[in-house]
Amino acid sequence: MIEVTKINGEKILVNPLLFEIVEETPDTVITMTTGKKIIVKESRQEVKNLVKLDRKDILTD
């Protein structure tokens, strides 16, 4: 799980395995495999880095 900040400032945990698309339009929109969309304050690159760290953490446990 990674922690991101919704546009209203609320911090949430999301499962990056369920990400289908992450795009900047200019807000960063995460589209889940379920079709749900989440607008977050983090940039696309920040989300990418969080996912990389999460995967690295999973592999080292």
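Points to keep in mind about this one:
- Hits in segment 24-38 (condition: surrounded by 13 or more Cβ atoms within 10 Å (Cβ to Cβ) and out of contact with any helix residue (DSSP H, G or I) (no Cβ under 6 Å at 6 or more places or on another chain)): 29, 30, 31, 38
- Pair list, Cβ < 9 Å and 6+ apart or interchain, from segment 50-61 residues that are more than 10 Å from residue 16 (Cα to Cα) to residues that are surrounded by 10 or more Cβ atoms within 10 Å (Cβ to Cβ): 53/2
- Meets criteria (of a type in the set (Lys, Arg), surrounded by 11 or more Cβ atoms within 10 Å (Cβ to Cβ) and more than 12 Å from the chain's Cα centre (by Cα)) for residue 44: no
- Of all residues making up segment 3-19, the number that are under 16 Å from residue 48 (Cα atoms) and of a type in the set (Asp, Glu): 1
Each reported figure results from applying straightforward, stated rules to the coordinates on display, with no laboratory input. Since we're looking at a predicted model, the values are computed, not measured. Reconstructed Cβ throughout: ideal geometry from the backbone, glycine too, with neighbour counts over all protein chains shown.
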